[in-house]
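Read the structure below first, then the notes.
The values are calculated or read from the model by the stated rules, or taken from the named source; none is laboratory data. This is a predicted model, so every value here is computed, not measured. Don't worry about glycine lacking a Cβ; one is built from the backbone with ideal geometry, like all the others, and counts go over all protein chains shown. Surface accessibility is based on the protein's heavy atoms, side chains included, excluding ligands, DNA and RNA. Shrake-Rupley method; radii C 1.70, N 1.55, O 1.52, S 1.80 Å.
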Amino acid sequence: MASWLFYILGTVAVVATAMAVTRRNPVHAVIYLVNSFFALALIFYLLGAPLVAAWEVIIYAGAIMVLFLFIIMMLELSPGEEADRQGPGPLQWLPVLLLGGVLLVCILLLLQLDPASGQELPRWYASPRDFGYALFHKYALAVEVVSFQLLFAAVGAFYVGRAASRKEQPGGEQ
Amino acid sequence: MIVPFQHLLILASLLFLLGLMAVLVRRNLIMILIGVEVMLNAAGLVLVGASALWQQLDGQVIVIFLMALTSAEVSISLAMVVYLNRRKKTIDIRAFDELRG
Amino acid sequence: MDSRLLFLLILLPLAGGVVNACVGCRLPRKLVAPLAIGTVLGSFILSLSCWSLAAGSGTQVTLFPWLSSAGLQADIGLLFDPLSASMCLMVTGVASLIHIYAAGYMAHDENPARFFALLNLFVFAMLCIILADNLLLLFLGWEGVGFCSYGLIGFWYEKPENALAGRKAFIVTRIGDLFFTIALLWLFSLFGTVEITAINQRVLELDPGVITPLVLLLLGGACGKSAQMPLMTWLPDAMAGPTPVSALIHAATMVTAGVYLLCRMFPLVSLSATGMAVIACVGAFTALYAASCAVAQREIKRVLAYSTMSQIGYMFLAVGVGSVTAAINHLLVHAFFKALLFMGAGALIHLAGDENDIYKMGGLRKKNPLLFGLFLVGILCLAGAPFSGGFFSKDAILLAAFSRGDGLAACLWGVGVFTAGLTSFYSFRLLYLVFFGEYRGEHAGHKLSPLLIWTLPPLALLGLFGGLLNLPHLYGGHEMLSHWLGSPSTTEPPFVTEIGLLVLMSLFFIAGWLPAHLLYRNFTGEKDAPWRRFLLQGWRFDALYEQLILRPYRFIAQFCWIAGDRGLIDGVVEGIGRTMLHWGGYIRLLATGQISFYLQGFAWGLLLMLGWLLLKAAV
């Protein structure tokens, strides 16, 4: 039963990602991507990571994709001026598809050659309690460092995206 | 027993390659960043699968860090997209070719 | 006298030259010339006082080892034997007089320090040639005189023709030096030593086949320095230098270095009959050539230059017929009267207002009778007037040639006699054109400094009574020079031969004088004729060398420059540069600035890594 679920969810994820990647309208792409993330979250639950699944939805689909939507709307691209008006044509897609195909073949071959990859994934379940324990005991330092990193990112984003300084205005500073 | 690990890896590589193609082909900066997101997700999938295979929590912990860092990275890169749009009035990637030799 | 004092002979002029070269321009004018004169005079007095050291087989002293490696041992050493002592005395004596003369001649020049430095260095190099006990030190002096001669001929280098004359002299003598170098190296490889006495003692060990080439190579070197055919084109042009230079270098010293070399290596040279014959032929033919050219010359110093060439031809002839004594005898006497003539010519040029052309002189006898008298002595010696010094020395040479007996020597004797007649003719032509008749020039003369006149009488006396040096038994003499040089004449030529030759020489002397007297006593002007122009241009040897050697050389040089240097080398070097730039232009196309292009690079790299992993796994 679980394996059937896995394959269905996998198909959904792939199709949704493919749609997201090929849309002309970025908002449509974001919606499709959220769909894909939902499927992935369910796959994570199947693999025994319920906490990770929750976070996938909360952080990835809930925060990051929403941020994308905010920025898309903020950029105020007029409909006529939208980048990718035509979208890349088949002339652009074909070489990249070819490259992707070759890479896929290489990866498949590598998987075939590796004897250890045929193992079946066991059923298991990582309880939040165990997860929390591991996170705040074994990886406590990493948690602190990541929190610093989020601070830097916030400061950086604030600085990069600040309003245009008065120097750029024609009036000039008095 | 769910699925062979191989199948998980195939799924992850498919997602990764789709993200890679998005990065290579799309001209809109936002779409390129979306491709990056897809690739990061695929990596996370592999990590979770590996932690399931070996029944250890480390993979999942790494995934949480990955998500944290991804969110930080996305915020900065979208701030940069805003800035670039202010500079060139467009987010077509072909407009940013000052490094041309 | 202590034999170590011999080193002062060469070190004194060297010191004078170095001091003048380094600080001479800072010294007061009045100090430069006396310093130079003093050093050479010191050498002269020293060679006089050390005279006794030279008797017999001489004295050999070594200052310090100079080169010593790989079997070569060359020291700074001097050999003071009869031959070198006589030459040394002559060189230092004549050089002292010429230095004093030069002090007067160059009194108004702007660069006395450079002049006297070069002059002193020249004396040092010449004494190195004379006194060296090994060929390498001799070669050092050989090159030294060449360089100093170049520096002195081109002394007034602001005029291009003077610099060109200096360069021509240096290059032509250099060709001779090349032959000498080969001979030197060959001798070293044969004997393992470059010491002259050692080589001379061991010449009999040599394989007969190598002797003739060696002698011819030595002859080549000697021809270069002594301006014999075919390396003689530089001497007439060398008259562009100041007159003291011509007197010292091109009359008494450097041009006699070739004769000295052959006499020094005489044990080697005399072993090859072919070599000796070639030497004699070169000498005789050059004598004839130079005398014929002197007949048509217009510049006073050029007449004397060709005359020098001719007289040195006589010396070569003497060596070629086997008589070192006759050669050295003529060398010494010739040095005296030729230096006298050159110095007198300098005074005459001064007197005629810096005019060189004898057609524009004339009647100078009345202007300065003393100079006329002194010059007359020189001319008489040159022409071989009976019982003057020049007569005895020339007669000795021709006697040696005649008494040798074989056919070639007899031919050369004939050439020598005819040349003596020509010599008489052109000498008196010179005398009459300059001193007799009316003054044909336009300039007013300058006053002569006493230094220019009073250095001449000693030379005149030496020239006039030079015959006493080697007076033959016929006249009651004891042939002092032959005994001194260690080769007394063993057989007495028949009385009839000697008297006959005496009469013949006197006849030729008069046969030369008479036409000159008739043609030039009252000179009105000369017609230009093709034969005259041919002789004036030295049988057009300059033009011949230009066609034969210089033009192909210039062509090759041009070719090497345009095709080799510019075409090939620059082409390769610049070509590589241009190719690199060109390819760089292509590589530049990779830097498109398009971000998607760079990202594709990532993808291709990923492909490469995967491919490599596959290959590793598959193998």
Can you name the number of the only condition in (1) open to solvent by 20 Å² or more (accessible area, probe 1.4 Å); (2) within 13 Å of chain C (Cβ to nearest Cβ) that residue B:86 fails? (2)
Among the numbered criteria (1) facing another protein chain (nearest Cβ under 8 Å); (2) buried (at least 16 other Cβ atoms within 10 Å of the Cβ); (3) among the small types (Gly, Ala, Ser); (4) free of Cβ contacts under 8 Å to residues at least 40 places away in the same chain, which single criterion is violated by residue A:48? (4)
Find the residue count for the stretch B:44-64, including only residues that are open to solvent by 30 Å² or more (accessible area, probe 1.4 Å) and touching a helix residue (DSSP H, G or I) at 6+ places or on another chain (Cβ under 7 Å). 5
Would you mention how many residues in the stretch C:499-528 are over 19 Å from residue C:382 (Cβ atoms) and at pLDDT below 80? 7
Tally, over the stretch C:43-56, of residues that are at negative phi and either open to solvent by 40 Å² or more (accessible area, probe 1.4 Å) or within 24 Å of the chain's Cα centre (by Cα) (or both): 9
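The rows are residues; the columns are (1) within 14 Å of the chain's Cα centre (by Cα); (2) more than 9 Å from chain B (Cβ to nearest Cβ); (3) touching a residue at least 24 places away in the same chain (Cβ under 8 Å); (4) at positive phi.
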{"residue": "A:19", "(1), (2), (3), (4)": "no, yes, no, no"}
{"residue": "A:32", "(1), (2), (3), (4)": "yes, yes, no, no"}
{"residue": "A:35", "(1), (2), (3), (4)": "yes, yes, no, no"}
{"residue": "A:56", "(1), (2), (3), (4)": "yes, no, no, no"}
{"residue": "A:63", "(1), (2), (3), (4)": "yes, no, no, no"}
{"residue": "A:74", "(1), (2), (3), (4)": "no, no, no, no"}
Could you pull out the residue among B:9, B:18 that is farther than 30 Å from residue A:143 by Cβ and either of a type in the set (A, V, I, L, M) or facing another protein chain (nearest Cβ under 7 Å) (or both)? B:18
Can you list residue pairs whose Cβ atoms sit under 7 Å apart, with the first residue in the stretch C:515-526 being more than 15 Å from residue C:423 (Cβ to Cβ) and the second being part of a loop (DSSP other than H, G, I, E, B) and open to solvent by less than 50 Å² (accessible area, probe 1.4 Å)? Count only pairs 6 or more apart in sequence or on different chains. C:521/C:436; C:522/C:437; C:523/C:362; C:523/C:437
Report the residue count in the stretch B:32-76 for those that are hydrophobic (A, V, I, L, M, F, W, C), facing chain A (nearest Cβ under 7 Å) and under 11 Å from the mean Cα position of the chain (by Cα). 4
Would a scan of the stretch C:264-275 turn up a residue that is closer than 29 Å to residue C:359 by Cα, surrounded by fewer than 22 Cβ atoms within 10 Å (Cβ to Cβ) and of a type in the set (Gly, Ala, Ser)? no
Output yes when any residue across the stretch C:402-409 is of a type in the set (Lys, Arg), open to solvent by 10 Å² or more (accessible area, probe 1.4 Å) and in a helix (DSSP H, G or I), and no when none is. yes
Residue pairs meeting the criteria (Cβ under 7 Å; at least 6 apart or on separate chains; first within 18 Å of residue C:122 (Cα to Cα), in the stretch C:1-28; second surrounded by fewer than 16 Cβ atoms within 10 Å (Cβ to Cβ)): C:7/C:63
Any helices (runs of 4 or more DSSP H) falling wholly within the stretch C:536-614 and containing at least 1 residues that are within 14 Å of chain B (Cβ to nearest Cβ) and either open to solvent by 90 Å² or more (accessible area, probe 1.4 Å) or β-branched (Val, Ile, Thr) (or both): C:571-588
With the structure loaded, tell me whether residue A:90 is out of contact with any Pro (no Cβ under 8 Å at 6 or more places or on another chain), free of Cβ contacts under 8 Å to residues at least 40 places away in the same chain, within 11 Å of chain C (Cβ to nearest Cβ) and within 21 Å of residue B:32 (Cβ to Cβ) or whether it fails that test. no
Within the bounds of the stretch C:258-272, is there any residue that is assigned to a helix (DSSP H, G or I) and polar (S, T, N, Q)? no
Within the stretch C:133-142, take every residue that is buried (at least 24 other Cβ atoms within 10 Å of the Cβ) and out of contact with any strand residue (DSSP E or B) (no Cβ under 7 Å at 6 or more places or on another chain) and give me the one that is modelled with the lowest pLDDT. C:135
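Matching residues to (1) open to solvent by 20 Å² or more (accessible area, probe 1.4 Å); (2) modelled with pLDDT of 90 or more; (3) among the basic types (Lys, Arg):
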residue	(1), (2), (3)
A:6	no, yes, no
A:19	yes, yes, no
A:38	yes, yes, no
A:81	yes, no, no
A:91	yes, no, no
Restricting attention to the stretch C:94-116, does a residue exist that is over 25 Å from residue C:349 (Cα atoms), in contact (Cβ under 8 Å) with a residue 24 or more places away in the chain and small (Gly, Ala, Ser)? no
Where the second residue is in a loop (DSSP other than H, G, I, E, B) and open to solvent by 60 Å² or more (accessible area, probe 1.4 Å) and the first is at the interface with another protein chain (Cβ under 7 Å from one of its Cβ atoms) and more than 15 Å from residue C:617 (Cβ to Cβ) and lies in the stretch A:113-127, which pairs have Cβ atoms under 8 Å and are six or more apart or on separate chains? A:120/B:1; A:121/B:1; A:122/B:1; A:122/B:55; A:123/B:1; A:124/B:55
For the stretch C:159-228, please list each of the helices (runs of 4 or more DSSP H) lying entirely inside it that holds at least 2 residues being over 15 Å from residue C:268 (Cα atoms). C:160-191, C:208-226
For the stretch C:1-42, name all the residues that are open to solvent by less than 10 Å² (accessible area, probe 1.4 Å), under 26 Å from the mean Cα position of the chain (by Cα) and not hydrophobic (A, V, I, L, M, F, W, C). C:13, C:16, C:17, C:20
Quick test of your reading of the structure: residue C:353 fulfils all but one of (1) touching a His at 6+ places or on another chain (Cβ under 8 Å); (2) over 25 Å from residue C:443 (Cβ atoms); (3) of a type outside the set (Ser, Thr, Tyr). Name the failing condition by number. (2)
Restricting to the stretch C:324-370, name every residue that is polar (S, T, N, Q) and in a helix (DSSP H, G or I). C:325, C:329
Just checking, does the stretch C:236-255 include any residue being over 24 Å from residue C:117 (Cβ atoms) and buried (at least 24 other Cβ atoms within 10 Å of the Cβ)? yes
Which numbered condition residue A:96 misses (of (1) open to solvent by 20 Å² or more (accessible area, probe 1.4 Å); (2) at pLDDT below 90; (3) outside any loop (DSSP other than H, G, I, E, B)): (1)
